[in-house]
Amino acid sequence: MDKLKAFMLLNATGTVTARFFKEVEMASSREPLDPRELIEEGESFWRRVGFSEGAVSFLKVALKESWAERELERCSALDVMVITWGSDEYPALLEDLDDPPLVLYVIGDKLPSFGVGIVGTRRCTSYGSRVAGLISENVASLGMDVISGGALGIDSAAHKGCMSAGGKTIAVLGTGVDVVYPSSNRWLFEEIKESGSLVSEYPLGTKARQWTFPRRNRIIAGLSEKLVVVEAPVKSGAMITARVAMDLGREVWAVPGRITDESSGGSNSLIADGAHVLYDVCAFMESFRGHQLFLKGLGLGVSKKQSLPNLSEKQMEIYEFLCKYGEQTVDNIAVGCKMDAAQVLQELGYLSIEELVFPSGPGRWSAIPKGTWTEKR
């Protein structure tokens, strides 16, 4: 049996994470434990090290029925990547978790090295949905990935906002990556697969269970260098995600809400506990200053480029419009350049990566003046 199949078997028990391997290594001061050794030790060893009866029963049947081989065949048929703990493709950010997943199933693009998590309640207000979308659009416009949980409400608004700006979004699921839950998000999941990723630690076919979603929340927190909570009741999955992020030392931002709204009770309490107050999208975007993906133009550098990068006709039109008229909303740009808003957002995303424009306020954009461009690093 190869290492990949051994990891998949252990992961599928539902009780073994990377923490088990870390604890064994620390207790025995030995070389890293090979998962194949763990499988080959057999039933008596599994019981001795504390595997549950359910895990033991699963392993006995799975080995007999070649479960890992069949799981890999299903993954191949569905274009699902299987990433194991310790491999080169495994996200380094997840190593900060106390119990990193042993296996990640991924449909779509590779996982990010830098991402912003945006989470909140399924039963959000229209205001919460708009704010989540606006934040996500701005994050995506700077070339950063948006991470959320694929659920209704704030999660869906975050995914949609990112894609509307031409960005890459990652949905961390509480089911197998081949299971659509909720079913009403089928079209959204299909779109995410085209430009982003669906991710899960659960084997293919795993259905939604009450316990699977709290578990997946730690992965959202782990993948996010910054986490934004838009609207969240005190007892909610978003609050679990926020607490994990705080324990990891990640920046947690919360959008303040009315104290009479149950949907903002948790997010307001995060602010009381020391989370950053996301009172203005522009101020939040300023927090990325110094990050390699952040537009150096915000710092008004002094080095000059000899010429504009190779821009399309529409990109040049938007850039010249902003240079001429100054700060503008997306709708104003769309009217002035005779384009639809979705196309404007897409082109702004490219221009921001080229360090020619930047988000200068909530839903507003400005051009970086000629002669103040900074060299890319």
_Quick check on this structure: which one of E191, E137, E95 is within 22 Å of L348 (Cβ to Cβ) and surrounded by fewer than 23 Cβ atoms within 10 Å (Cβ to Cβ)?_
E191
*Every residue from segment 207-224 that is open to solvent by 30 Å² or more (accessible area, probe 1.4 Å) and not small (G, A, S)*: K207, R209, Q210, W211, F213, P214, R215
_Residue pairs, Cβ under 7 Å, 6 or more apart or interchain, first in segment 108-124 and farther than 22 Å from V234 by Cα, second outside any loop (DSSP other than H, G, I, E, B) and among the small types (G, A, S). List them._
G108/S197; D109/S197; L111/S197
*Kindly indicate which of I192, I220, I135 is touching a strand residue (DSSP E or B) at 6+ places or on another chain (Cβ under 7 Å), outside any strand (DSSP E or B) and under 24 Å from D261 (Cα atoms).*
I135
*Of residues in segment 225-240 being touching a strand residue (DSSP E or B) at 6+ places or on another chain (Cβ under 9 Å) and of a type in the set (V, I, T), the one surrounded by the most Cβ atoms within 10 Å (Cβ to Cβ)*: V230
*Residues in segment 308-320 that are part of a helix (DSSP H, G or I) and more than 12 Å from L356 (Cα to Cα): how many?*
3
*So which residues in segment 51-65 are surrounded by 13 or more Cβ atoms within 10 Å (Cβ to Cβ) and not in a helix (DSSP H, G or I), if there are any at all?*
F51, S52
*Could you check, for segment 162-172, whether at least one of its residues is part of a loop (DSSP other than H, G, I, E, B) and without any contact (Cβ under 8 Å) to a residue 40 or more places away in the chain?*
no
*Is segment 341-356 home to any residue that is modelled with pLDDT under 85, open to solvent by 20 Å² or more (accessible area, probe 1.4 Å), among the small types (G, A, S) and in contact with a strand residue (DSSP E or B) (Cβ under 6 Å, 6 or more places away or on another chain)?*
no
*If you go through segment 2-10 one residue at a time, do you hit one that is modelled with pLDDT of 85 or more, over 21 Å from D178 (Cα atoms) and crowded, with 17+ Cβ neighbours inside 10 Å?*
yes
*Which of the residues belonging to segment 251-264 are surrounded by fewer than 20 Cβ atoms within 10 Å (Cβ to Cβ) and touching a residue at least 12 places away in the same chain (Cβ under 8 Å)?*
E251, P256, D261, E262
*So, of the residues in segment 138-155 that are β-branched (V, I, T) and assigned to a helix (DSSP H, G or I), which turns out to be farthest from S360 (Cα to Cα)?*
I154
*Give just the number: which of (1) over 27 Å from G14 (Cβ atoms); (2) modelled with pLDDT of 95 or more; (3) of a type in the set (A, V, I, L, M); (4) part of a helix (DSSP H, G or I) does A245 not satisfy?*
(1)
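The values are calculated or read from the model by the stated rules, or taken from the named source; none is laboratory data. Just so it is clear, the model here is predicted, and its values are computed rather than measured. Every residue, glycine among them, receives a Cβ derived from its backbone with ideal geometry; neighbour counts consider all protein chains shown. When the accessible area is computed, the model is the full protein with side chains, heavy atoms only, and any ligands, DNA or RNA have been set aside. Shrake-Rupley method; radii C 1.70, N 1.55, O 1.52, S 1.80 Å.
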